[in-house]
1. Report, by residue number, each residue of the range 165-191 that is without any contact (Cβ under 8 Å) to a residue 60 or more places away in the chain and either among the hydroxyl-bearing types (Ser, Thr, Tyr) or within 30 Å of Ile11 (Cα to Cα) (or both).
2. Could you give me the residue pairs with C-beta distances under 6 Å whose first residue belongs to the range 82-110 and is basic (Lys, Arg), whose second residue is at pLDDT 90 or above and part of a helix (DSSP H, G or I) wherever it lies, and which are 6+ apart or on separate chains?
3. Considering only the range 15-26, I want to know if a residue exists there that is under 14 Å from the mean Cα position of the chain (by Cα) and under 23 Å from Phe135 (Cβ atoms).
4. Hey, does the range 202-213 have a residue that's at pLDDT below 90, over 21 Å from the mean Cα position of the chain (by Cα) and surrounded by fewer than 17 Cβ atoms within 10 Å (Cβ to Cβ)?
5. Being farther than 28 Å from Gly43 by Cα and part of a loop (DSSP other than H, G, I, E, B): is that true of Arg97 here?
6. Please specify each residue of the range 178-199 satisfying the condition of being part of a helix (DSSP H, G or I), surrounded by fewer than 16 Cβ atoms within 10 Å (Cβ to Cβ) and within 21 Å of the chain's Cα centre (by Cα).
7. I need the full set of residues from the range 47-82 which are polar (S, T, N, Q) and under 20 Å from Pro140 (Cα atoms), in order please.
8. When you scan the range 146-164, do you find a residue that is loosely packed, with under 15 Cβ neighbours inside 10 Å, closer than 30 Å to Leu46 by Cβ and either in contact (Cβ under 8 Å) with a residue 24 or more places away in the chain or touching a Leu at 6+ places or on another chain (Cβ under 7 Å) (or both), even just one?
Amino acid sequence: MVRKNKDAEFICEYEVKDHKIMTMEEEKRERVIAAALKEFNKGYHLANIDEIIKEAGISKGLIFHYFGSKRGLFLFLLKYSAEIMNNEYSKVILSSRDFLENVRVVSKLAMEMTFQYPIMFGFVAKAIFVLNEVFPEGLPKDIPNSNRTLLQQILKKSDKALFRDDIDYDKAQNIIMWTANGFSESLLQYGDEAENYKIHIDEIMKEFEEYVELLRKLIYK
């Protein structure tokens with residue numbers, strides 16, 4: 001007989017707008033979400049519910065009423081973050097057949113979102129590595145994966161004729177993707193404060209464009 005987790009009713013498919021936390025007064029709700037994202041940005045195992053309730057100014061009982069458990073809160077934050085990211089990525093229009101140009105467009109949007117939501121992006125970057133451990137029964141399937149959808153679009157539109165004939169097409173695409181992802185992840189060094197990103201935004205964007213142009217010279221005809 002499979003043992004049912006005590007928080008099973010909270011570890012399920014649902015839309016963020018339908019979650020019971022959305023019935024909470026908006027200012028208070030935003031305080032809870034901000035405090036939770038900040039605390040989980042330390043990593044799942046280091047996150048402490050007591051720190052969240054202290055920061056948000058609510059009782060521990062309320063946290064468990066709304067989320068059931070630490071896992072339930074963690075899952076809500078994943079869904080909340082994924083929805084924001086998905087809404088932003090859905091605005092992207094990939095009109096070019098230039099693989100590198102399309103990766104550049106999507107990467108720039110990802111960086112702009114990192115500048116705007118540094119804590120949320122830090123949370124997501126760390127969360128990815130513990131999903132299997134935190135949700136051994138599997139993650140609910142309704143979490144949108146806008147990155148995968150966009151990647152499929154980019155690959156579908158890609159014009160092989162732009163790439164040099166003497167290199168492996170698939171490996172060249174991987175190099176471009178790894179470079180873009182690695183650069184985006186390197187931005188986490190600027191921490192949780194949006195102001196830190198604003199100070200360095202010009203040099204960040206300049207460096208990114210330099211990588212794009214270098215890849216263009218190395219990989220394209």
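1. Tyr169, Thr179, Asn181, Ser186
2. Pairs found: Arg104/Val212.
3. no
4. yes
5. yes
6. Scanning the range 178-199 gives Trp178, Asn181, Gly182, Glu185, Ser186, Leu188, Gln189, Ala194, Glu195, Asn196, Lys198.
7. Across the range 47-82, the qualifying residues are Ser69, Ser81.
8. no
The values are calculated or read from the model by the stated rules, or taken from the named source; none is laboratory data. Note that this is a predicted model, so its numbers are computed, not measured. Glycine gets a Cβ as well: all are built from the backbone with ideal geometry, and neighbour counts include every protein chain shown.
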